1. Name the residues of the range B:28-46 whose amide N is less than 14 Å from a point 7 angstrom out from the Cα of B:T55 along the C-beta direction?
2. When the Cα centres of the range A:47-113 and the range B:58-111 are compared, how far apart do they sit, in Å?
3. Apply the a/c threshold of 1.5 to the C-alpha gyration tensor of chain B and tell me whether it is rounded, prolate or oblate.
4. When you take every Cα atom in the range B:52-111, what is the radius of gyration, and what is Dmax, the widest Cα pair distance, in Å?
5. Would you list A:S53, A:S99, A:S42 from the most to the least accessible area, probe 1.4 Å?
6. Where does the charge balance sit around A:F61 when Lys and Arg score +1, Asp and Glu -1, over other residues with C-beta under 14 Å from its C-beta?
7. Rounded to whole Hz and in sequence order, give me ³J(HN,Hα) for the range A:53-62 from the Karplus expression 6.51 cos²θ - 1.76 cosθ + 1.60, θ = phi - 60°, writing x for Gly and Pro.
8. I need the shape label for the protein assembly as shown. Rule: rounded when a/c is under 1.5, else prolate if a/b > b/c, else oblate, with a, b, c from the alpha carbon gyration tensor.
Amino acid sequence: SAVISQKPSRDICQRGTSLTIQCQVDSQVTMMFWYRQQPGQSLTLIATANQGSEATYESGFVIDKFPISRPNLTFSTLTVSNMSPEDSSIYLCSVELASSYNEQFFGPGTRLTVL
Amino acid sequence: AQSVTQPDIHITVSEGASLELRCNYSYGATPYLFWYVQSPGQGLQLLLKYFSGDTLVQGIKGFEAEFKRSQSSFNLRKPSVHWSDAAEYFCVLTGANNLFFGTGTRLTVIP
């Protein structure tokens, strides 16, 4: 398995500002992902964070709104830009280990509230 | 196209009673299926997974799930529910590194 930490665990932000969420893994992983969980809903994949190249975004998500960095194999950041109340969600990062094909391990999540 | 359906949004059971959470999937090939649990204020934890082989899979915390290809189902069961099982449960299908989540079933356990 993998131990994943996220910072911050929660935040309350003003409309129009941006927040960067960090995800740290205790081992080198190939695949890292970012998900959004809107209030009372299931998880939706935002993007796959690729090390050394641009992230791969899912339909409905764009780089300008959710820029992602992946400088190495243990760390990634997701920025939620120009926030609005509709961005209030839990944001989770996950990783897939080479030894656990298609099985993902999730971080504890970042609970974001936008006023 | 891949999809996962969890027909029950909310289920309430008494502590000690048996539990079955339903999951139906749509996928064009052999699916990889998971059940995750999300406790209040916590992250997602994997309960069990099915890749191939024995269609009855055992997981953590006394949970099991049965894969039925003919019914496109992967229902989660537990013979005796504990109060600590109250949580949100997600059935998940994987395809090409992406996880497709069901809408979730919220389990309430009453004394």
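The values are calculated or read from the model by the stated rules, or taken from the named source; none is laboratory data. Not measured: the values here are computed from a predicted model. A quick note on method: Cβ atoms are made from the backbone with ideal geometry, for glycine too, and the neighbour counts reach across all protein chains shown. Surface areas here come from the heavy atoms of the whole protein model, side chains and all, with no ligands, DNA or RNA. Shrake-Rupley method; radii C 1.70, N 1.55, O 1.52, S 1.80 Å.
1. Those under the cut-off are B:31.
2. Taking the Cα centre of the range B:58-111 as reference, the centre of the range A:47-113 is 25 Å away.
3. Because a/c hits 1.5 or more and a/b exceeds b/c, chain B counts as prolate.
4. 13.1, 42
5. Largest to smallest exposure gives the sequence A:S99, A:S53, A:S42.
6. -3
7. Computed from phi, the couplings for the range A:53-62 are 8, 5, 5, 9, 9, 7, 4, x, 10, 10 Hz.
8. Verdict is prolate for the protein assembly as shown.
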